[in-house]
Amino acid sequence: MNETPTRVYAEIDLDAVRANVRALRERAPGAELMAVVKADAYGHGAIPCARAAQEAGATWLGTATPEEALALRAAGIEGPVMCWLWTPGGPWQAAVEADLDISVSGMWALDEARKAAHAAGRRARIQLKADTGLGRNGCQPADWAELVGAAVAAEAEGTVKITGIWSHFACADEPGHPSIALQLTAFRDMLAYAEKEGARPEVRHIANSPATLTLPESHYDLVRCGLAVYGVSPAPELGTSQELGLRPAMTLKASVALVKAVPPGHGVSYGHHHVTEAETNLALIPAGYADGIPRHASGRGPVLVGGKVRRVAGRVAMDQFVVDLGSDLVRAGDEAVIFGSGEHGEPTAEDWARAADTIAYEIVTRIGVRVPRVYRNG
Ligand SMILES: *Cc1c(COP(=O)(O)O)cnc(C)c1O
């Protein structure tokens, strides 16, 4: 896109993505880095962010779904790409043909991988996922011997290659949480068992962004970083982006659509949850929950307009919200910064997360398809 959109747009600074990848590699000097670009790179745009991350030394890319991983290949992106959220009947053969690393959490998935390998006429690259305590995806310790045994046998028959053994933390964003040490111990044990049975993984990995930042003993061969690649702090307890040496890559900007004076006692937006106290100026911001502005932040979400951070007045609607400027004045067409790096006084994604009782992951990821992305430093 050549012209900057006017209504609302997300500016993505690819130099920030590169700088964050470099900073994270310094935090995990003995490990390779996987840039996790699932969910359209947490709303930042999967293809440009994957390229920028690779330029800065990310040797792996990760996605949740195989479709996301195949889209990277379709864009011409090479190198190791792993995807971990599989269902029966998914694009197994296409994944083998595209040389994707396929996560396998159970026997049904191993069977799909073997069948796909037969059909494709080449080995499936599989990574065995251990449930070391998250209780979500992954193979339970009690079922590990069966899965490892079958995978090693499939490797011997020539249908798969066990390229990785991996797991995922439940509470890495709460340093000192007792589950962390328990998961590390379980991972060590399940890994040792698989290696004893003959598995020779290229990569062993368990660390996400918070573990990369706080837990060097979790780094192993590879760290899988998502949110931190985009410069956002994974949890307030870990510090701000700046304290973590990260630069938020996304700035969400809008143009003020209307400014008008209203008398005292005037209700504002659906439900009239804000009523003006005195004669005041209202500014209309043309972005709403269809664009990813959380309705739950009604009355609370911060926005920088006219040199001050102001709050959403009343409800966030589907396409717009209002701020009450008091006696200040701005003009239609003036810039409103909904969130950004915070370096210029604007709110951050973390501030919106607090206002909406959620996490910063959700704030950036939910920015909708109606919001154009404008890339800087591509
Ligand atoms: C999303 C995801 C990651 C990245 O997590 P961040 O906290 O954003 O770094 C890593 N591994 C798995 C399995 C994931 O689903």
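The values are calculated or read from the model by the stated rules, or taken from the named source; none is laboratory data. No experiment lies behind these values; they were computed from the predicted model shown. Positions of Cβ are generated from backbone atoms using ideal geometry, with glycine treated the same way; all protein chains shown enter the neighbour counts. Ligands, DNA and RNA are stripped out before the accessible areas are found, and what is left, the full protein with its side chains, is counted by its heavy atoms. Shrake-Rupley method; radii C 1.70, N 1.55, O 1.52, S 1.80 Å.
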Requested in this report: Considering every residue within the range 52-66, establish whether at least one is without any contact (Cβ under 8 Å) to a residue 12 or more places away in the chain and either away from the ligand (no atom under 16 Å from the Cβ) or in a helix (DSSP H, G or I) (or both).
Outcome: no
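Yes/no per residue for (1) more than 16 Å from the ligand (Cβ to nearest atom); (2) touching a Leu at 6+ places or on another chain (Cβ under 9 Å); (3) of a type in the set (D, E, K, R):
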| residue | (1), (2), (3) |
| --- | --- |
| Val256 | yes, yes, no |
| Ala290 | yes, no, no |
| Gly299 | yes, no, no |
| Arg311 | yes, no, yes |
| Val330 | yes, no, no |
| Gly342 | yes, no, no |
Query raised in the report: Has the range 132-139 got at least one residue that is open to solvent by 10 Å² or more (accessible area, probe 1.4 Å), within 16 Å of the ligand (Cβ to nearest atom) and touching a residue at least 60 places away in the same chain (Cβ under 8 Å)?
Result: yes
**Report entry** Filter result (surrounded by fewer than 21 Cβ atoms within 10 Å (Cβ to Cβ) and assigned to a helix (DSSP H, G or I)) within the range 145-179
**Finding:** Ala145, Glu146, Gly149, Ala150, Val152, Ala153, Glu155, Ala156, Glu157, Pro178, Ser179
Requested in this report: Name the one entry in Ile47, Ile77, Ile12 that is away from the ligand (no atom under 16 Å from the Cβ), open to solvent by less than 60 Å² (accessible area, probe 1.4 Å) and assigned to a strand (DSSP E or B).
Outcome: Ile12
Report summary line: Cβ pairs under 7 Å, 6+ apart or interchain, first in the range 206-222 and more than 18 Å from Thr185 (Cβ to Cβ) and within 12 Å of the ligand (Cβ to nearest atom), second open to solvent by less than 10 Å² (accessible area, probe 1.4 Å) and in a helix (DSSP H, G or I), ordered by first then second residue, are Ser209/Leu227; Ser209/Ala228; Thr212/Leu24; Thr212/Ala228; Leu213/Ala228
Report summary line: Gln183 fails exactly one of (1) touching a residue at least 60 places away in the same chain (Cβ under 8 Å); (2) within 16 Å of the ligand (Cβ to nearest atom), namely (1)
